[in-house]
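Here the structure is laid out as structure tokens; the discussion comes afterwards.
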Amino acid sequence: MRTYQFQALNTQGQKIKGAIPASSRVHALHKLQLKRLQPIHLNPQRFAWLHNNRSNTWTIEWAKDVGFFLKQGLSLVESLKASKLRLNKNQKQFIDILLEGLYAGLTLSQIFSEHEVFPKLFIGLLSISETTGQYAQAFEDYATLRQEEIEFFKQLRTNLQYPLILTIIIFTMVIAFSEFLLPTALDFFKNSSFEQHLATTLFIHFAESLRNIFSIFTNIPILITILASCYLGSKITKLKYVISWLSIKCPIFGPIYLKTLQSFYLKSFSTLLKKGHHVTQAASYSTDILQNNYLKNRARLIEPVIKSEGKISAALTNSLKLPESIEYLLLTGEKTSQMSTYSNICAQTLKNIYQHQLQKIIAWTGPILISIMGIVMIWMVVAIVVPLYDQVARMD
């Protein structure tokens, strides 16, 4: 779905500007007609990256600014205008669209629902604030939830820097051996009468296998075929679903990734319940925060299960694959009518668990990689030096 910018005349003959999501130009024209707007200009939205939910990290700081201005006593319109100070040209244009919608009599949640810049979670927070008047809290809650999500992946990248550097060093070392040392060593051992020890025999088989593997990546047609297959596979919905499932089932990082997503969902669910949303609405809005297609599809079943069976904790546990201890806490919250409080406790519990597991894995990854690097180097040296030493000893 694309976004189309338009300039049109309303029923009073006034010119208005805006943007509208549509699958095609004809679809966009039909939407404008339903709104009783006579289009003057209708063009595809430039800079599509602005409407990418997952790359919109700029919205976090913007939401913080709007929340700050609202708390200082500024009106909603004044806060939106003041928030444009740190934005670029395209982002300012989007804020202008919001202001035009407000001047036209639309609510902020209605305007955001027509533009795919913010997730449904934010629209849910705004819909409550429009009845209570607490716009500042809605912007701050959105910024807090998204900030925790961004901070986790930022921390993960920081923690993985050292293991990644070691992995690159090992990979570079293997490539250097395969391209410079292994060819000469193979010819030398095959054409000589040296007695081949077990380490040398294994070294020869390893070198031949390594060269065969690297020959695939130096074959241009095969490389193009692999890249094209990966690109086409990324566009297939079912394959995305399988990849999402495999990412959760990964032996080491899979459980941590799963607990992270569970924590994000329960934190969002708790926040929406505190603001007054019904559990089914909170479950529906919170689904949008999950960045895994497999888990997101399962989370979409929570709302109908709650409506049909009325068991909140069971629906959350079965759909999100929550641990038994978390299920017990949610059940307690359901029985005591404190679902919001216990959901927040569960989110914090899962957060503490995955942080502890991640730190434990990172602490062991470095020494393991260094050991692997040392073993490979010692093995290669022994495989090459021992036969040479034996031959020199015989000559003496």
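Throughout, read-outs are computed from the coordinates displayed, never taken from laboratory work. Here the structure is a predicted model, which means the values were calculated and not measured. With ideal geometry, Cβ positions are generated from the backbone for all residues, glycine too; neighbour counts draw on all protein chains shown.
The table that follows gives values for the structure above.
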read-out	value
Note, ³J(HN,Hα) from phi for segment 262-273, Karplus 6.51, -1.76, 1.60, rounded to Hz, x at Gly and Pro	4, 5, 4, 5, 5, 5, 5, 4, 5, 4, 5, 5
Three-way shape label, segment 77-123, alpha-carbon gyration tensor, a/c 1.5	oblate
Inter-probe distance in nm under a simple model that places probes 7 Å from Cα toward Cβ, at R25 and I362	5.1
In nm, spacing of pseudo-spin labels at L227 and K17 (7 Å Cα→C-beta vector)	4.0
Alpha-carbon centroids, segment 119-158 and segment 259-312: separation in whole Å	15
Two-site FRET efficiency, V77 against Q355, from Cβ-Cβ distance with R₀ of 45 Å, rounded to 0.05	0.65
Cut-off 13 Å (backbone N to label point 7 Å along Cα→Cβ of E130), residues of segment 91-118	101-115
Label-to-label distance, nm, for residues given as T201 and I95 (7 Å Cα→Cβ offset)	7.4
Residue exposure sequence - I302, I362 - by fewest surrounding Cβ within 10 Å	I362, I302
Percent RCO, i.e. relative contact order, over segment 53-145, from Cα pairs under 8 Å lying at least 6 residues apart	38
Ascending count of other beta-carbon atoms within 10 Å, so fewest first, for V77, V382	V77, V382
Sorted by Cβ density within 10 Å, fewest first, the residues S127, S371	S371, S127
